[in-house]
Amino acid sequence: MNKIALFVDVQNIYYTTRQAYGRQFNYRKLWQIISQQGTITQATAYATQRDDDGQHKFQSALKHMGFSVKLKPFIQRIDGSAKGDWDVGITIDVLDAAKEVDRVILLSGDGDFDLLLEKVNLQYDVRTEVYGVPALTAKSLIDEASVFHPIDEDLLL
């Protein structure tokens, strides 16, 4: 049976789908599609911790679907910018999972992950797949993935 590990850069998917389409990503539909392709042995969503009802409901919905949700404090800087970056955490978890699965699926458009996919492709016999908004996904990430799945109308609410 095809073993699949799924990793979601929640902030990236939220902002790119909102910017490109003005809509939200449909995690339930994604789960249905991927679970038909094999056994999801690990599914992790990486998000920032914010104290608002909408975020709590969203995180509960993800957990109900089968995701483990990892939270990092949302940091508002003095200059108004924000930080809640999970790149290192996602990288460590992907490298750990790649040893035990047939497919690694990453939802992100962040080009910083191109080196991660390159390493996974070279070191492990694992298929790497990326879901991202085409216009807002780094070309280097698309090029490094075994398969790129564009997020379009079918995967939006």
Looking at the square roots a ≥ b ≥ c of the eigenvalues of the Cα gyration tensor of segment 77-157, which shape do they give, rounded for a/c under 1.5, prolate if a/b is larger than b/c, or oblate? oblate
Karplus ³J(HN,Hα) for segment 91-108 (6.51 cos²θ - 1.76 cosθ + 1.60, θ = phi - 60°; Hz, whole; x = Gly/Pro) runs 4, 4, 5, 5, 4, 5, 6, 4, 5, 10, 10, 8, 9, 10, 10, 10, 9, 5
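Tell me the GluC sites (Glu not before Pro) within segment 57-157 that lie in a loop according to DSSP and have at most 14 other beta-carbon atoms within 10 Å. Let's see the in-between values first.
On the way: sites: 100, 118, 129, 144, 153; in loops: 100.
For GluC sites (Glu not before Pro) across segment 57-157 that sit outside H, G, I, E and B with at most 14 neighbouring Cβ atoms in 10 Å, the list reads 100.
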Over segment 1-105, give the accessible area per residue in Å² for a 1.4 Å probe, as an integer. 55
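Would you calculate a helix-derived [θ] at 222 nm for the chain, using -39,500 (n - 2.57) for each DSSP H run of n ≥ 4 and dividing by the full residue count, to the nearest 500? Walk me through the numbers on the way to the answer.
Values: 6 runs with 62 residues, N = 157.
Rounded to the nearest 500, it is -11500 deg cm²/dmol.
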SASA check, residue 53, accessible area w/ 1.4 Å probe, all protein chains in place, rounded to nearest 10 Å², comes out at 110
How large a share of the accessible area of the chain, in percent, is made up of carbon and sulfur atoms when the probe is 1.4 Å and the other protein chains stay in place? 50
Taking amide H atoms as placed 1.01 Å from N in the peptide plane, list the residues 5 or more away in sequence, or in a different chain, whose amide H sits under 5 Å from that of residue 6. 42, 43, 44, 105
Highest GNM mean-square fluctuation among 12, 121, 26, for the chain with Cα springs under 10 Å, belongs to 26
Could you size up the charge dipole of the chain around its Cα centre, putting +1 on the beta carbon of Lys and Arg and -1 on that of Asp and Glu, and report it in debye to the nearest 20? 480
Cross-link partners of residue 99 among lysines (Cα-Cα below 19 Å; sequence separation of 8 or more within a chain): 3, 119
Could you list the trypsin sites (Lys or Arg not before Pro) in segment 20-108 that lie in coil according to DSSP, counting only those with at most 15 other Cβ atoms within 10 Å of their Cβ? 23, 50, 77, 99
Give me the angle, in degrees from 0 to 90, between the Cα long axis of helix 10-21 and the longest principal axis of the Cα atoms of the chain, rounded to the nearest 10. 80
Quick check: Cα centre of segment 16-36 to Cα centre of segment 96-157, how many Å? 15
Could you order 108, 146 so the one with the most accessible surface comes first? Probe is 1.4 Å. 146, 108
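May I ask you to rank 104, 147 by accessible area, largest first, using a 1.4 Å probe over the protein chains only? Provide the component values of the computation, followed by the final result.
Values: 104 0, 147 40 Å².
Result of the area sort, largest leading: 147, 104.
The values are calculated or read from the model by the stated rules, or taken from the named source; none is laboratory data. These numbers were taken from a predicted model, which means no experiment stands behind them. FYI the Cβ positions are ideal-geometry reconstructions off the backbone, even for glycines, and counts take in every protein chain you see. Note: areas computed on protein heavy atoms with side chains; ligands, DNA, RNA excluded. Shrake-Rupley method; radii C 1.70, N 1.55, O 1.52, S 1.80 Å.
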